Each structure stands twice: as C-alpha cells, then as structure tokens.
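The structure appears below as structure tokens.
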Amino acid sequence: MSEAALSGPSRRWVRFTPVERGARALVYVLTAVAVIWSLRTIEIIPEFLYDAPEQTADLFVRMWPFDWAFYPKAVHAALIETLHTATLGTLLALVLAIPFSFLAARNFTRSGPLNWIAQFVFVSSRSVNSLIWALLFVAIFGPGPLAGTLAIAFRSIGFVGKLFGEALEEAQQGPIEALTAAGAPRSMILVKGYWPQVEPAFWSVALLRWDINIRESAVLGLVGAGGIGVALDAALNNLYWDQVGLILAVIFAVVIATEFVTSFIRSRIL
Amino acid sequence: MRGLATSGGLRAKAFPARWPVRLAWIGLALYSVYAASILDVTWPRFVQGLDNGARFLGRMFPPNIAPDKLALLQTGMLESIQIAVLSTFFGVLLSLPLGLLAARNLMPGWVSWSARGLIAVLRSFHSVIVAILFVKAVGFGALAGIMALIVSTMGFVSKLFADAVEEMSMKQVEAVRATGASFMSVLAMGVLPQVMARFIGFSTYQLDSNLRNSTMVGLVGGGGIGATLFTAYQRFDYDFVLTILLAIIGLIMVAEVGAGRLRRIFQ
C-alpha cells in the first residue's frame, strides 16, 4: 500500500500503486499469451482421443480382479528393496548434503564464490529428475538398486542441502560467539553451537525427504534401477494389467502408511 | 574446556553425553550397513562402476552441439515448456474449486472430507505412474504428459490452498455474510482477497515443479524433452544426453529465478 495513494485531496483509497498494478497486468497478459501459444502449437493427435473413454474403461476392467498370487512371487521382495533404496538413499543424501549446506550458509562460509558453488550443486541436483539420475547411474553401475540408491541420494542433495543451509543461516549467533570467545575449536562450534539449534530442522527435512523418496523410489525400476518399479515395468510390458493393478494398490498402501508414520514421528518426536 | 569440567564438583560437565541419542546414531549406522548389504551396494561394485563412470563421462564430453541435434533439442524443450504451461494453467484452474471444497471452515463436513480424500488419492501416485495410465488411455504424446501433470498440480495446489483457506481470518467472511451476500459474493469479497496471494505463490511454485517434471514424463511416452532424452540414451548418444541435461538445468535455473520474481510481484 502506498503513502501517495492514501493522501490525495479526494482521499481515494487504492490498494496497489500503479507500478504494482502494471506488473500484475503484465503477468496476466503474459500468462494468457503463454497459454494461447501453447494451446495453438502443441501437438495433440485427435484420433487418439476418440477411443479414450473405451481405453480407460478397458484399463480398469483388465486391472480387476488383482492378481493376488503375484504378490508373494515377485512384489514383496521388490517392495522391501524399494523401502531400503529410499531409506539408504535418504541417509546417503544427508551425509553428502551437510558439507554443501555449510558451504552455502552465508553466516558460516563468508565467501561469495563458495556459497555460489554450493548453490550450483543444489540447483543441478534438483533440476535433474530422479528418473534421469537413475538413467545415468544405470549406465554407470548397471541395473539394480545400487543405481537407484545413488539416484535417490543425488536427487535429494539439493532439497536437503538447500533447506538445511537455510536453517543454518537462521541460527542465532549468540551461542556461537560464546563458544568462539571460550576458545572452542571450529569442530566444537559446529557440534555444540550450530547443531543443537538446527537439529529439529534437520530431522524434519530428512523426514520430509524420506516421505518423498518412498514415492520416487517406487518408479525408479522403470529405467532398471531396482525396486518395485521393475515388477511394474515387467507387468506393463507383458500387458498383465491385473498385476499392474496389484502393484499400484501396493504402492498406494505404502505411500499412505508412510504418510501416517511420518506424521506420527513429527507429532511425537519433532 | 577441560579446566571448566574439572574445577569444582558443581558442574561436572558442560555437555553431558546423551546416550539415547548416541544409540540412535549407532542404530542408523548399523541399518546403513545392513541395507547396503541387502541392496548389494558393495565396494568392489562401486569401484568397478567408477571405472565405467570414467568411460561414460568420457563419451559425454564434449556435449554434442551439431545443428540437427540442436533442432531436436529445441523441439523437445518447447514441447516440455508447453506441457508445463498448460498443465499448470488447467491444474491451477481446477485446484481453485477443489481447494475451496476441501476447506473445513467453509464447507460441511462430508463435502470437505470427500474433497480431501480425492486430493489424497491425487497426491499419492508419482506423476510417472499417472503418466503411464494416461498413455494407455489417450495414447503417446504430449496430451498424456499434460494430463498426468494436471493431476499432480491439483494434488499439490489444492491441498496447500485448502490449508491456507482454513488458516485465514473468519472475521471478514462473517462481515460479508452479515450483509446478506450470496455464497459466491462471500467467496469473492471475503475469502479470495485473503488467500489469493498465497494461491498464486503455490501456483508459481508448481509451475517450476511442472517444468522439472515435464522433463521426466517423456521417459514413459508423455512427450517433451524427456522423450528426446530417452531416445538419445537408448541410442548411446551420450554426448547429446549431456547437451540435453545442460539445457534442462539452464531452463530450471531460469524458471526458478522467474518464479521468484512472479511471487514478489504478488506479495
């Protein structure tokens, strides 16, 4: 709200300044232009749309009833593998992200270029999707959960590092100055000055990411990186839709269960 | 520190050991070793992989910038941007009513709970899985990708929007209601002015996130740069893969800055 708009002789009350209104109008126009441009140029094959309702109905008819016998045969082991991939990947990401978070925190590392390098690592990690990370690691380490674990870890570094770095920047300087004045070595300043202040933020970020990683690791198998996605990929390629339905139901159950676990931990411990 | 700890018995230690915490750390370490052994994450494999990795990186550099490849890159990137724009636009449009329906302070219980249930279902599947189902339903191409991302947009934006509506002040809503305004007027004059800024914030965040995800739905047939990337990968054109990855990272960086600007205009 601007002062000038309030204190005219006529006292017309205006919520936004002309610049603000102009900027907003510009955004609306740009949005409209972007949407119209996309609608006009995107390639959509209308022939595919004619039988979409039948195809969708067919999909659900073929899925039901689920092939329950498939669960003990192939799904259970893959599911356990997925859970371990997500958890181990998250732990690895925490370990890898911590040094970069300290580099990124401007109050801890007082060097512009170093902050910038850490930010670059975070952005690269986050802009490459976990599936694409998985593709790269499958090419390097071969198919299997090793590639999946590393993909999860590398994708999570940016997320964990950015949020943890921000938590570090918000840390109070008082305890740190006190420790410095007492002559504490730098490692002790970290452990006793920063860590107690950022510990809750750290664990809540870790928990949040673990929740996301459970979902993500379920699809890594589509590119060969292990877990339940491998079973899903096989079922899809064989057109065994009843197995696909079962796997989707299992993923759904796991995601719901994870949500309960994380909200329980959050309400009890954090 | 030692001088402080030994002088006088009043304060034996400035920082006493916290055994439960230490045990938790040991537990995490043991779990990591156990999980690594189960997943066959072993040192020899890792070292062997590093060898492969060096060869892989060697084939990636320098990035391929031949004109025909760049034309492919441009087509794919434009399609990804279109997928992101359209899915964000329609997803956000649909999230507005869904989020209002899910707000417990505006709607009767059964409405908000069923809306919240729908949101939970929309949220629980990874957009790649949704994309697979849409590829089966509407065929290969950008449309499947758009629809998959609309689903994830609705899941994210309408949940946060519903939470924002629940956190708003009811005083203004009651004031508008007291004038005898219709429900739509209450929404337009009492509710939306309070939550619109946050709604636009979530939407710009989702635009950013849809751009990231639009690079991925192509892997399962949902169109965009992901399809180009997957083809290049399967043909072992690793140098072109690197070009595509760099282009994606550049696009996301630009989008992140742009989304930040957008948010500032509306706050």
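The values are calculated or read from the model by the stated rules, or taken from the named source; none is laboratory data. For clarity, every value in this text was computed on a predicted model and none was experimentally measured. Here the Cβ is made from the backbone with ideal geometry for all residues, glycine too, and neighbour counts use every protein chain on show. Each accessible area value is taken on the protein alone, full model and side chains, heavy atoms only, with ligands, DNA and RNA left out. Shrake-Rupley method; radii C 1.70, N 1.55, O 1.52, S 1.80 Å.
B:Gly139: touching a helix residue (DSSP H, G or I) at 6+ places or on another chain (Cβ under 8 Å), within 14 Å of another protein chain (Cβ to nearest Cβ), under 30 Å from B:Ala232 (Cα atoms) and without any contact (Cβ under 8 Å) to a residue 12 or more places away in the chain, yes or no?
yes
Taking the range B:83-95 as the search range and keeping residues that are open to solvent by less than 50 Å² (accessible area, probe 1.4 Å) and over 14 Å from B:Ala227 (Cα atoms), which one is farthest from the other protein chains (Cβ to nearest Cβ)?
Out of the qualifying residues, it is B:Ser95.
Residues of the range B:211-246 being under 19 Å from the mean Cα position of the chain (by Cα), of a type in the set (A, V, I, L, M, F, W, C) and assigned to a helix (DSSP H, G or I), which ones?
Within the range B:211-246, B:Leu211, B:Val217, B:Leu219, B:Val220, B:Ile225, B:Leu245 meet the criteria.
Per-residue answers, yes or no, for (1) away from chain A (no Cβ under 11 Å); (2) closer than 20 Å to A:Ala153 by Cα; (3) in contact with a Leu (Cβ under 8 Å, 6 or more places away or on another chain):
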site	(1), (2), (3)
B:Val33	no, yes, no
B:Asn64	yes, no, yes
B:Pro67	yes, no, no
B:Leu100	yes, no, yes
B:Ala103	yes, no, no
B:Val111	yes, no, yes
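Determine whether the range B:174-189 contains at least one residue that is within 14 Å of chain A (Cβ to nearest Cβ) and either more than 30 Å from the chain's Cα centre (by Cα) or assigned to a helix (DSSP H, G or I) (or both).
The answer is yes; a qualifying residue exists.
B:Ser152 - would you say it is within 14 Å of another protein chain (Cβ to nearest Cβ), of a type in the set (Ser, Thr, Tyr) and open to solvent by less than 40 Å² (accessible area, probe 1.4 Å)?
So B:Ser152 fits the description; yes.
So which residues in the range A:29-55 are modelled with pLDDT under 80, surrounded by 14 or more Cβ atoms within 10 Å (Cβ to Cβ) and under 30 Å from the mean Cα position of the chain (by Cα)?
A:Ile42, A:Ile44
I need the full set of residues from the range B:51-65 which are under 30 Å from the mean Cα position of the chain (by Cα) and part of a helix (DSSP H, G or I), in order please.
B:Gly53, B:Phe56, B:Leu57, B:Met60
In the range B:237-254, which residues are at the interface with chain A (Cβ under 9 Å from one of its Cβ atoms) and surrounded by fewer than 24 Cβ atoms within 10 Å (Cβ to Cβ)?
Result: B:Tyr238, B:Leu245, B:Ile249, B:Gly250, B:Leu251, B:Ile252, B:Met253.
Check off (1) under 18 Å from A:Ser156 (Cα atoms); (2) surrounded by 23 or more Cβ atoms within 10 Å (Cβ to Cβ) for A:Gln243 and give me the number that stays unchecked.
Unmet condition: (1).
Given the condition outside any helix (DSSP H, G or I) and surrounded by fewer than 24 Cβ atoms within 10 Å (Cβ to Cβ), answer yes or no: does some residue in the range B:192-210 qualify?
no
Please count how many residues of the range B:69-82 are more than 10 Å from chain A (Cβ to nearest Cβ) and either among the hydrophobic types (A, V, I, L, M, F, W, C) or open to solvent by 70 Å² or more (accessible area, probe 1.4 Å) (or both).
Count: 6.
For the range A:198-206, state whether one or more residues are open to solvent by 50 Å² or more (accessible area, probe 1.4 Å), without any contact (Cβ under 8 Å) to a residue 60 or more places away in the chain, assigned to a helix (DSSP H, G or I) and not polar (S, T, N, Q).
No.
Against the definition (assigned by TED's automatic domain parsing to the domain that holds A:Val138 and either assigned to a loop (DSSP other than H, G, I, E, B) or touching a residue at least 24 places away in the same chain (Cβ under 8 Å) (or both)), how does A:Val261 come out, yes or no?
no
Only one of (1) at pLDDT 75 or above; (2) over 31 Å from the mean Cα position of the chain (by Cα); (3) not charged (D, E, K, R) is not met by B:Met1, so which one is it?
Only one criterion in (1) at pLDDT 75 or above; (2) over 31 Å from the mean Cα position of the chain (by Cα); (3) not charged (D, E, K, R) is unmet by B:Met1, namely (1).
Counting just the residues of the range A:71-85 that are facing chain B (nearest Cβ under 10 Å), of a type outside the set (D, E, K, R) and surrounded by 21 or more Cβ atoms within 10 Å (Cβ to Cβ), which one comes out nearest to A:Phe120 (Cα to Cα)?
Per the stated criteria, the residue is A:Thr85.
Please enumerate the residues belonging to the range A:88-107 that are open to solvent by 40 Å² or more (accessible area, probe 1.4 Å) and more than 19 Å from B:Val257 (Cβ to Cβ).
A:Leu92, A:Val95, A:Leu96, A:Ile98, A:Pro99, A:Phe100, A:Leu103
In the range B:124-147, what residues are touching a Phe, Trp or Tyr at 6+ places or on another chain (Cβ under 7 Å) and either at pLDDT 90 or above or assigned to a helix (DSSP H, G or I) (or both)?
B:Ser124, B:Val138, B:Ala144, B:Met147
Quick check on my filter: what residues within the range B:219-236 are farther than 24 Å from B:Met147 by Cβ and either facing another protein chain (nearest Cβ under 10 Å) or surrounded by 19 or more Cβ atoms within 10 Å (Cβ to Cβ) (or both)?
B:Ala232, B:Tyr233, B:Gln234, B:Phe236
Yes/no matrix, rows are residues, columns are (1) touching a residue at least 12 places away in the same chain (Cβ under 8 Å); (2) over 22 Å from B:Val195 (Cα atoms); (3) touching a Ser or Thr at 6+ places or on another chain (Cβ under 7 Å); (4) assigned by TED's automatic domain parsing to the domain that holds B:Ile146:
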site: B:Leu23; (1), (2), (3), (4): no, yes, no, no
site: B:Tyr31; (1), (2), (3), (4): no, yes, no, no
site: B:Ala35; (1), (2), (3), (4): no, yes, yes, no
site: B:Leu50; (1), (2), (3), (4): no, yes, no, no
site: B:Leu72; (1), (2), (3), (4): yes, yes, yes, yes
site: B:Met77; (1), (2), (3), (4): yes, yes, no, yes
site: B:Leu93; (1), (2), (3), (4): no, no, no, yes
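Would you please list the contacts, defined by Cβ atoms under 6 Å and residues six or more apart or on different chains, that run from a residue in the range B:180-204 that is farther than 24 Å from A:Ala34 by Cα to a residue that is open to solvent by less than 50 Å² (accessible area, probe 1.4 Å) and outside any helix (DSSP H, G or I)?
B:Gln194/B:Met168; B:Val195/B:Met168
Which of (1) in contact with a helix residue (DSSP H, G or I) (Cβ under 9 Å, 6 or more places away or on another chain); (2) of a type in the set (S, T, N, Q); (3) open to solvent by 40 Å² or more (accessible area, probe 1.4 Å) is the odd one out, the single condition A:Ser187 does not satisfy?
(1)
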